[in-house]
Amino acid sequence: MSERAKYVPTVKEQDLLDTVENPRYDRQIINGLNPFFEDRAPDDMKGFYSSDEMAALLTIRGTDRDVESRMPVKITRHYFELARNSKSLQRLVKASPDETLDLQGAEDPGYQMDYSPVEGLLHKYEMGLMYVISTCSAHCRFCYREELIARKEVERQDGTVAKKGLAQIGEVTDYIRAHNEIVVANGGIHPESGREKLREILLSGGDPMVLPNSKIAAWFAALAEAGVESIRLGTKEMAFYPDRFDDAFLSMIDGFHDAYPDVGFRLMVHFNHPDEFLEKGADGEYLSNANGTLKWVDATKQAMDRVVSRGWISVENQTPIIKGINDDPNALRVMQRALKRVGVENHYFFCGRDIIAYKAFNVPIETAWNILNESQKGLSGVENHARLSITHYKGKTEVAAVTNEPIPGVPESEHGVVIFKILRNAAAAPDRGKVCIVGRNPEALWFDDYADRVIYDEAGLFDYSRVEKSRAEVPVTIGAVGD
Ligand code: SF4
């Protein structure tokens, strides 16, 4: 597509859009490190960085190790209030020179751009993921979209280099309609890619909740008109600025549900640590309600109740396990239990991706599995649904088990094994359920670290000629840059 398609809403879409309100939100965001360096931050925030921390950050400013060029720094007032009493949250949001000690990592982790048929859209499985915005209310230092947020240039499969563009309604809905028409005409499967109907779309970024309600509504209505069956919205706003889930937003969502009652809506929230939503006392301990359950921060509880009480919105939490932030079984146990109690499903925990500087944030794969496993001891069956997932180029893969004992007679299993299981393939789903067993390597941060100890690989995770072949088989047409 050489020119950006101009999207014209239908009368039904326009009727919905005419009801939407766009309040102005005062998140009191502090952008960048300059307010701290130049003593312009509000008085009560000035000590957020110690003088030693500021001096260390100043020393590397403007060099290859500049932390702000790797990932812009941003914080809301709400998150600052939570973080001032939480070392974990400080680590999540405060820049540190440690981030750029080792800049190893991939510009485009998982070769995401290979799956982009239209600028700003990744088409994997029966799902599409869209980049609709390139910022969030605050920024996580470990962000696995740092190349998008920092507007870095990324090499695509055809060798061209450009910043990742944002999705445009016209281009994306044209693609969905065209793909689905071919699928229907071919008996339910796309003849080239083997994919089914594109039925579920995730609005992502960045954080779509930074957009005005009218823009979110425009996306939702256009996707519904294009035949999408379910819409997801990925957001960390429940942690950064829960007041965003106000009456104006809920009324927009209600209006959408009234107009398109058959289209599902899933809110994919992102809590990394219970300090992001539980109330703490002066002693740093969580406060309890009269019945012994843990007390939520009022603003977050009100926001969550507004969403969950709709009944037709499913709310799911997913989070990476990050060094120094939530690599703590006790914190994760508290979080899974507290979320499930208010109606939030614990969906995935992720191993960190091999982004630039991943060594500063990722915990070893086996450690992550042990942390999650420990955290789920003592949880009820409905509280411990979450799995540990790692995103291989071939698709979403579960770290299913880590054992300690050797398997008699099996070389490379002397210290136990790790069992990976393919959950989804990025194109069709022929390998769902297939496993790969490798000898343990407690230091392994990524698949490459197991390449010399593969025991059994029906999943083909280490068959790189196969991976290369599947790259070649994915049809790719890069559309016009759209931001
Ligand atoms: S909220 Fe998500 S996209 Fe935004 S900075 Fe954090 S990890 Fe990145």
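The values are calculated or read from the model by the stated rules, or taken from the named source; none is laboratory data. Keep in mind the model is a prediction, meaning the values are calculated, not measured. With ideal geometry, Cβ positions are generated from the backbone for all residues, glycine too; neighbour counts draw on all protein chains shown. For accessibility, only protein heavy atoms count, side chains too; no ligands or nucleic acids. Shrake-Rupley method; radii C 1.70, N 1.55, O 1.52, S 1.80 Å.
Between Ser251, Asn272, Ala282, the Cα set farthest toward the positive side of the dipole of segment 242-299 (charges on each charged residue's Cβ, about the Cα centre) is that of Asn272.
Can you pull the Rg over Rh of the chain, Cα-only, Kirkwood? Here the Rg-to-Rh quotient is 0.95. Rounded to the nearest 0.05, the FRET efficiency derived from the C-beta distance between Thr403 and Glu192 at R0 = 30 Å is 0.15. Under 17 Å from a label point set 7 Å out along the Cα-to-Cβ vector of Asp449, the amide N atoms of segment 325-359 belong to 325-328, 350-359. When you restrict to C-alpha pairs under 8 Å that are six or more residues apart and normalise by the size of segment 214-303, the relative contact order lands at 33 percent.
With contacts taken as Cα pairs under 8 Å at a separation of at least 6 residues, the chain carries a relative contact order of 16 percent.
When only Cα pairs below 8 angstrom with a gap of at least 6 residues are kept, segment 298-373 shows a relative contact order of 37 percent. Using just its DSSP H runs of length 4 or more, each adding -39500 (n - 2.57), the chain gives a mean residue ellipticity at 222 nm of -8000 deg cm²/dmol after division by all residues. Taking label points 7 Å from Cα along the Cα-to-Cβ direction, Ala106 and Arg341 give a separation of 3.9 nm. Proximity of backbone amide H atoms, modeled 1.01 Å from N, is registered between Ala150 and no other residue at under 5 Å, excluding neighbours fewer than 5 places apart on the same chain. Counting only DSSP beta bridges whose two residues both lie in the chain, roughly 50 percent are antiparallel. Protein heavy-atom surface of segment 241-312, 1.4 angstrom probe: 45% of the accessible area is carbon and sulfur, with nucleic acids and ligands not counted. Listed here are the pairs Lys46/Lys301; Lys236/Lys295; Lys152/Lys394; which of them are more than 22 Å apart at the Cα? As for pairs spanning more than 22 Å Cα to Cα, those are Lys46/Lys301; Lys152/Lys394. Full extension of the chain between Val8 and Glu229 yields a length gain of 77.5 nm, computed as 0.36 nm times the residue separation minus the alpha carbon distance. Residues within the reach of a label modelled at Tyr456 (point 7 angstrom out along Cα to beta-carbon, backbone nitrogen below 16 Å), restricted to segment 375-409, are 400-409. In order along segment 174-180, the phi-based Karplus estimate (6.51 cos²θ - 1.76 cosθ + 1.60, θ = phi - 60°) of 3J(HN,Hα) comes to 4, 5, 4, 4, 5, 4, 5 Hz; Gly and Pro are listed as x.
In the full protein context, the chain carries 41 Å² of accessible surface per residue, based on a 1.4 Å probe and ignoring ligands, DNA and RNA. The stretch between Val382 and Leu58, if pulled fully straight at 0.36 nm per residue, gains 111.9 nm over its current Cα-Cα span. Amide H contacts under 5 Å for Ser389: Phe349, Phe350, Cys351, Val399, restricted to partners 5 or more places along the chain or on a different chain, H placed in the peptide plane at 1.01 Å from N. The antiparallel fraction among DSSP beta bridges confined to segment 255-351 stands at about 25%. Each label point was placed 7 Å from the Cα along the Cα-to-Cβ direction; for Glu285 and Ser51 their separation is 3.6 nm. The protection proxy used here, the mean number of other Cβ atoms lying within 10 Å of each residue, ranks peptides 281-292, 315-326 as follows, highest first: 315-326, 281-292.
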